[in-house]
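What follows is calculated from the coordinates using simple rules that are stated; it is not laboratory data. It should be emphasised that the depicted structure is a prediction, and the values quoted were computed from it without experimental measurement. No Cβ is skipped: glycine too gets one built from the backbone with ideal geometry, and neighbour counts run over all protein chains shown.
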């Protein structure tokens, strides 16, 4: 990635560091000691900061304590307090109480999203009552209401079963219009914050007639309003800077989850997505239970973990080989570690001893010379190897137990309509995990252009036989019949769109067959997924391909699907918004905007996303040599959670 186009994660970290440094840019000279302060957060702010700034970095910025706004706190009248909270009535009341009591030496009030005028007045009134007006140093709208989990991945909220952002909430008949409108406004606010943080005013494209269009309209209006506001234009400096770097405008494609349900249920075979599916990766952390003891691992190392950086999107066998390779390399350095430890009069086998020693050594580098630089590096390498070994062996156990390799291969065949060795219902007879059976059946149902009544009944009877609730399949069947997903129109999203999927089995696991390997891969297939584009990646490709070549491919697809050779007009099917245009775009304006493919693309999915789709888009960006691609979604949802949402939707429609 070119250095000029900083990632959304980098930009958010810079904004947070500046905020914590009392809204002054952080100068990393190391000469000036930071101002010691406390940080007061709410739950939403905690979710934003925790994947980005570990406690050590907060300490380096002068944070001695970080406390929850709603928790009981003692007055510290000689210390400045930096608040970072959502602008809710409850939070404003709590902050007002702090101001009335003059709890801290000075107050730096930072809000995740813009503070409404009445709430600002309420806060000002409390400051007057407490005689703390002079102590309120700053009140700032930070526009940071999103969570960056990777350089090229953000979510608007951490997953929550009762979230209004969920696919269930958006499609439930029980959701009121007021709740839906509030949710659409929140999503648009989050996307506006992403644009402001990245410094981009993108062209926005989305399919017509669904939640994605409503979000796009709101975002377009927010960007327009801000661009026309000469006093508070958030894009002035960034706009100039980004304009110098890019010859083409950024493109934001907003997709709707309903366009592709199959990907959300698919058994995956790549490292990060497997962790999300099997180990419930959340906020870049996984918890593994070993011998009755729970241990949490943080995967967000900020780019220092090369194996994670290079292999999080790799097929699991490749990851196992890479971990084994690192382990072998480390073993060859073990003797050197023992020698260095003894030379420094230190020993200790436990993780805590290693960690304490690493810290001590890092802090006294100048005194101890070159020996120290190699020892902390070796100890950190050992920590990362242990982490990946534990995670990968846990995944391997689940793969064997649930036959995930076999299920992955079966679903790939279903997606590309390859002949099966036996009918799906017969194959699933030997699968014991109920959720796995339900997921495969729904994918099989979605991927067939038409499912006759007999086939549907066979699926239902299998579910009854295994004691699995039928609501999810009923809901998908109802969806398919209402929107005629079996028709030519819908087959483009579930039948044609997954073309190119599949796997190939490569040779045996070369590095893993030596007797010292930690990974006993016996009985697990060495599958490599074939490179193909998922439906929403295809949508991005279609919208970012200049009209002449897009027309040719559209004609080809249409003919394959039995349609006429007349190319469907993409610009008739998908909305076009350009916040920089004063008037409604004409066909000529749209055609002109599409002449040059964008080099900076954001794909955002309303209704939930997952790591499979994220990795697919990242791979697409690499293949096309784009300057920057970013994937975002309302929340990351794993297959278990999505199955649960479909089941609940099925119950509501019974």
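Side notes on the structure shown:
- Potential lengthening between residue 310 and residue 232 on full extension [0.36 nm per residue; Cα-Cα distance subtracted]: 24.0 nm
- The slack between residue 97 and residue 185, meaning 0.36 nm per residue of separation minus the straight C-alpha distance, is 28.7 nm.
- Among 616-625, 434-443, the order from most to least packed when residues are scored by Cβ within 10 Å on average: 434-443, 616-625
- Between residue 47 and residue 294, full extension at 0.36 nm per residue minus the direct alpha carbon distance yields a gain of 86.8 nm.
- Distance from the C-alpha centroid of region 102-175 to that of region 568-633: 29 Å, rounded to the whole angstrom.
- Treating r as the C-beta distance of residue 619 and residue 90 and R0 as 56 Å, the FRET efficiency rounds to 0.85.
- Pairwise Cα distances in region 170-280 exceed 22 Å in 50 percent of cases.
- Label point distance in nm, residue 393-residue 432, each placed 7 Å from Cα along Cα→Cβ: 2.3
- Sorted on the mean count of surrounding Cβ atoms within 10 Å across their residues, most packed first, peptides 78-84, 152-158, 18-24 read 152-158, 78-84, 18-24.
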